[in-house]
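First up is the structure itself, then whatever we jot down about it.
Readers should treat all values here as calculations from the given coordinates under stated rules, not as data from a laboratory. No experiment lies behind these values; they were computed from the predicted model shown. Glycine gets a Cβ as well: all are built from the backbone with ideal geometry, and neighbour counts include every protein chain shown.
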Amino acid sequence: NWVCCERMTTTVDKTWTETTFRRIMLGFTLPDPKALEILQRHSPAKGAMGITQAHYNQMAGDEDALAKQVARWLDPELYVRTLKRLGIQVLYHHAKNHTGVACYATKIGHRYSLMGERDFFGDLVRACRANDIVPGAMFQVGMNELAAAQHPDWLQMDAAGKTTRFRLCHNHPDWRARVLGQTKEIVSYDIGAFMYDELSFGWGNIGTACYCPHCRAAFRAATGKEMPTKENWDDPLWKKFIRWRYDNIAGFLQEASELIRQTNPNVAFT
């Protein structure tokens, strides 16, 4: 999905490609009939990952054929050889994507149903190491369609009680435990880097967030005040609220960082 290259140095006698550090970031989203089934069951009015009912019916009816196709498509050796030919030096790959589907052997989250017992991410990591490519992982903190459908109380909330469609709150203890548990699973692989994606307050249709009971309680414990509900930059309490949001996210990242260092001190965390 995404490609990111980092410029290092340039000289007059070398081309851009010869002087550029090549780090590629790849999203991982493939059709998953079991995930679609869960989304259809819990939130049919919202649809599932933008897929129509006709697509869902076709996918559900051809699950065996899809599984055979996936077995051919997901060839880690070919994947990595292609990256090597492109001169890629570092790979960041989705271990758990926006939908909530994991391509590694998770015991906590939803494992990609068409893979069977295969550990695609594990095979990819080993292939990267064998080809002198640094393997890394990306993990979606803020978005998880499956978790949002199954646990709507995990969603972020505005001051009026309106929730987002997919944006989850890291202050909900159950979602926090899921994130940290899966983080530990992923960094236990022989990876060199791990990245959280989309950890933030507020998203799309609700603007300022989060006013869920867990955030309200945390703000009250930190400040002795109730959360302000209207933006007012002349109000010291509003400024304190914004500062609390930054500090709260920093606190979550600190907790995650300590967990990662304890589990695999060789992993760079971003």
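Can you give the FRET efficiency for residue 261 and residue 188, using 1/(1 + (r/R0)^6), R0 = 22 Å, r = Cβ-Cβ distance, to the nearest 0.05?
Once rounded, the FRET efficiency stands at 0.95.
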Once both label points are put 7 Å beyond Cα along the C-beta direction, the residue 195-residue 153 separation in nm becomes 3.5 nm
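For the stretch 86-198, how big is Rg over Rh, using alpha carbon atoms and the Kirkwood form of Rh?
Rounded to two decimals, Rg/Rh equals 1.03.
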Once residue 132 and residue 232 are pulled to full extension, the length gained, defined as 0.36 nm per residue separation minus their Cα-Cα distance, is 30.7 nm
Among the lysines, which fall within straight-line cross-link reach of residue 162, defined as a Cα-Cα distance under 26 Å, with same-chain neighbours fewer than 8 residues apart omitted?
46, 225, 230, 239, 240
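Would you mind calculating the gained length between residue 68 and residue 34 on full extension (0.36 nm times residue separation, minus the Cα-Cα distance), in nm to one decimal?
Details: separation 34, 0.36 × 34 = 12.24 nm, distance 1.57 nm.
That works out to 10.7 nm of additional length.
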Which distance in Å, rounded to a whole number, links the C-alpha centroids of the stretch 216-263 and the stretch 133-172?
17 Å
